[in-house]
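The structure appears below as structure tokens.
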Amino acid sequence: MLSCSNVGKTYATERGDIVAVRGIDLEVPSGQFAAIVGRSGSGKSSLMAMIGGLSRPSQGVVRVEGADIWALPDDALAQFRNRKIGFVFQFASLLPALRVIDNVALPALLGRRLDAGAAYTRAARLLARLGLAERLDAYPAEISAGQQRRAVIARALINAPSLLLADEPTSDLDERTEMEIMDEFRTLNRDHAMTVIIVTHNLRLAEQADRVFHIANGGLVK
């Protein structure tokens, strides 16, 4: 599913280069639930952004389902990302002017995977599965942080991706909601054979994964 070979990221600043990720090699097979763990500033989010096709590596190769994603033209990469990868970011990132169901349907509409009717039908089904059947017409400001996070998960699933990436998905949630979100990830992994990778600094959450990668100072700790 995922293969990283000598992947690194260096940021140029006025005060000199900052090396965020240092030559990482890792593999995650299809259907695995993996966690990337490290302290704040360790490079885990930078690595996740490169894996997800959001931030170009300074070096190395990232392959998803065998495709060298950073060798793709920009349009092809955007299409690949839309169809193959689902994202759950640290913050809810819902568009405030759109209803919950609009937010969820949007990636399918932009990717032209489904017509409008089918996109909204699937969005409603996903939201219902995540306990938001009564909140389809609500705006993001009208629902709780936990409900917003469930809506983001529904949005990440709208195009039926084979890889789900979650960057600190429970960092601002209470413990009960945190465990409910983790249960959703485990269900997706177990019942739908979805490859799930989460970034977290919470070792208790990471222990629920099949495999844990530890990062410190931009490199994997072996």
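Ranked by the mean number of other Cβ atoms within 10 Å per residue, highest first, peptides 101-107, 201-207, 122-128 order as 101-107, 122-128, 201-207.
Quote the charge dipole size of the chain about the Cα centre in Debye, to the nearest 20; the model charges only the Cβ of Lys and Arg (+1) and of Asp and Glu (-1).
Working: 26 positive and 25 negative charges, 64 e Å.
Charge dipole, the chain, about its Cα centre: 300 debye, nearest 20.
In this simple spin-label approximation, Asp68 and Asp191 carry label points 7 Å from Cα along the Cα→Cβ vector, and these lie 4.0 nm apart. Between Ala76 and Ala116, how high is the FRET efficiency from 1/(1 + (r/R0)^6) when r is the Cβ-Cβ distance and R₀ = 25 Å? Nearest 0.05. After rounding, the FRET efficiency stands at 0.50.
Quick one: grab the alpha carbon gyration tensor of the stretch 83-203, order the square roots of its eigenvalues as a ≥ b ≥ c, and give me rounded if a/c is under 1.5, else prolate or oblate depending on whether a/b is larger than b/c. Oblate.
With runs of 4+ DSSP H residues as the only contributors, calculate the mean residue ellipticity of the chain at 222 nm using -39,500 (n - 2.57) per run, divided by the residue total and rounded to the nearest 500.
Here the helix-only value at 222 nm equals -11000 deg cm²/dmol.
Net charge in the neighbourhood of Arg190 (other residues with Cβ under 14 Å of its Cβ; Lys, Arg +1, Asp, Glu -1) is -3. Based on DSSP, what percent of beta bridges with both residues in the chain are antiparallel, to the nearest 5? Here the share of antiparallel DSSP bridges comes out near 50 percent. For the stretch 17-69, what class follows from the C-alpha gyration tensor (a ≥ b ≥ c being the square roots of its eigenvalues): rounded when a/c is under 1.5, otherwise prolate if a/b is larger than b/c, else oblate? Judged from the Cα gyration tensor, the stretch 17-69 comes out oblate (a/c at least 1.5, b/c at or above a/b).
Distance from the Cα centroid of the stretch 146-178 to that of the stretch 1-74 is 21 Å (rounded to whole angstrom).
Taking every C-alpha pair closer than 8 Å and separated by at least 6 residues, the mean separation divided by the residue count of the stretch 15-139 gives a relative contact order of 16 percent. Overall shape: prolate for the chain, with the ratio a/c of the largest to smallest alpha carbon gyration tensor axis at 1.5 or above and a/b above b/c.
Values in this text are rule-based calculations from the coordinates and carry no lab data. A quick note: this is a predicted structure, and the numbers were derived from the prediction, not measured. Cβ atoms come from the backbone with ideal geometry, glycine included; neighbour counts cover every protein chain shown.
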